Amino acid sequence: RKVIFSGIQPTGVPHIGNYLGALRNWVKMQREAEPDDQLIFSVVGWHALTLPQDPRKLLQTRNDTFAALVAIGLDPERSIIFHQDQKEVLYFTRTRLAISRNANDESEVDESMLNTGLLTYPVLQAADVLAYKTTHVPVGDDQQQHLELCRDLAESFNRSTNNSLFPLPETVFNPAKRILSLKDPSAKMSKSARDENSRILLTDDTITIRNKIRGAVTDSLSGVSYDTEARPGTSNLLTLLAGCLDEDVHAVAERYKDKGHGALKIDVTDVLEETLREPRAEFFRLRADPGHLQALADKGAERAKEISQRTLAEVRRLVGLLTEF
Ligand code: ATP
């Protein structure tokens, strides 16, 4: 039996990179799961606190992220969808680390980044993964190291308690390509990048999509070809198109070799609109009823807690903090 667990930060409405790179895969896993497999998807509020956040904005994006998970087709009856921050954790993320800095050091070290949250982030993530005895974690390749730490922690707990309480979770990589910023194709598309025109949100309307794609950075070479080194902007549009169509990017590129950027941008716009139409409509339907969303979140939190409390009781028993029956 599989226990599948993954999470998303509540740092903004998910963008098309999140969708093609992660969320769409979660929906696929839900569709393909065996009846007794367990799927758990979490909005990881505590993890967002590694960086400074505006509380009012965070509250909005936290609820929007939850709504987006339901809107794309995760079913709160089939999967457990919940806010990780509804769990009782007191997480001091912003404690500054004492670092010695060379007074002449001109390097761009942003001290707000150097806090305990950054160090404990992978440990908190491991705690989330292990609390549900997760066997499979679908994540991007940037998460590989975190998952290794998680397996190490699980293994060392199992060894020291002479038990096999925690399965060692496997990483399930998503084959989807990384989607890049529309404005700076040397960076990935990100929720927290300053320029809003650098990303397509799940909530963008037709005109916004058209304007953002029209303004996407490409190059001045003629024709269209897939070459991530020489033509990152153009290639990113092809990746987007291929991702939405679920086709091979080289096959898609072949169809555009005699066309120009204009034709490519029109087709990317159309296919994005097609991809986002339903989730977007569902998102706004859900958001119009905050009471219903809260009820879904409470139900998810309750189901998640049932499992994690059971695990915690087993941990307590194994380490000698709970009477054995
Ligand atoms: P932020 O920019 O605020 O750090 P993010 O956009 O990177 O946020 P996360 O919440 O950290 O999003 O990640 C959610 C999931 O989306 C992860 O599995 C991550 O690998 C994936 N993901 C994030 N950005 C992209 C992208 N540009 N292309 C493909 N997948 C992405």
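The values are calculated or read from the model by the stated rules, or taken from the named source; none is laboratory data. Note that the structure is predicted; figures quoted are calculated from it, not measured. Note that each Cβ is placed from the backbone with ideal geometry, even for glycine, and that neighbours are counted across all protein chains shown.
Residues in the stretch 168-194 that are surrounded by fewer than 17 Cβ atoms within 10 Å (Cβ to Cβ) and closer than 30 Å to Arg317 by Cβ were compared, and the one that is nearest to the ligand (Cβ to nearest atom) is Glu170.
Anything in the stretch 36-72 that is within 23 Å of Thr116 (Cα to Cα) and outside any helix (DSSP H, G or I)? List them, or say none. Once the filter is applied, which keeps residues that are within 23 Å of Thr116 (Cα to Cα) and outside any helix (DSSP H, G or I), the stretch 36-72 yields Ser42, Val43, Val44, Leu49, Thr50, Leu51, Pro52, Gln53, Asp54. Looking at Asp204, is it at pLDDT 95 or above, over 19 Å from the mean Cα position of the chain (by Cα) and outside any helix (DSSP H, G or I)? Answer is no for this residue.
Note on the stretch 220-255: residues that are closer than 13 Å to Lys265 by Cα and assigned to a loop (DSSP other than H, G, I, E, B) total 2.
Within the stretch 139-162, residues that are touching a residue at least 60 places away in the same chain (Cβ under 8 Å) have Cβ atoms under 8 Å from residues that are crowded, with 16+ Cβ neighbours inside 10 Å and of a type in the set (S, T, N, Q) in these pairs: Val139/Ser6; Val139/Thr171; Val139/Asn174; Gly140/Asn174, counting only partners at least 6 apart in sequence or on another chain. Selection of the stretch 4-20 for residues being outside any strand (DSSP E or B) and within 7 Å of the ligand (Cβ to nearest atom) yields Gln9, Thr11, Gly12, Gly17, Asn18, Leu20.
For the stretch 43-54, taking the residues that are within 11 Å of the ligand (Cβ to nearest atom) and out of contact with any Leu (no Cβ under 6 Å at 6 or more places or on another chain), the one that is farthest from Ala131 (Cα to Cα) is identified as Gln53.
Scanning the stretch 228-264 for residues that are surrounded by 12 or more Cβ atoms within 10 Å (Cβ to Cβ) and within 16 Å of Asp184 (Cα to Cα) gives Thr228, Arg231, Pro232, Gly233, Thr234, Ser235, Asn236, Leu237, Leu238, Thr239, Leu240.
Given the criterion outside the structural domain of Glu148 (by TED's automatic domain parsing) and not in a helix (DSSP H, G or I), identify the matching residue among Lys212, Lys191.
Details: Lys212 fails: not in a helix (DSSP H, G or I).
None of the others qualify; the one that does is Lys191.
Residue check: is Phe82 part of a strand (DSSP E or B) and within 23 Å of Glu302 (Cβ to Cβ)? Spelling it out, Phe82 is indeed part of a strand (DSSP E or B) and within 23 Å of Glu302 (Cβ to Cβ).
Residue selection: Leu221 fails the criterion of being aliphatic (A, V, I, L, M) and either within 15 Å of the ligand (Cβ to nearest atom) or touching a residue at least 40 places away in the same chain (Cβ under 8 Å) (or both).
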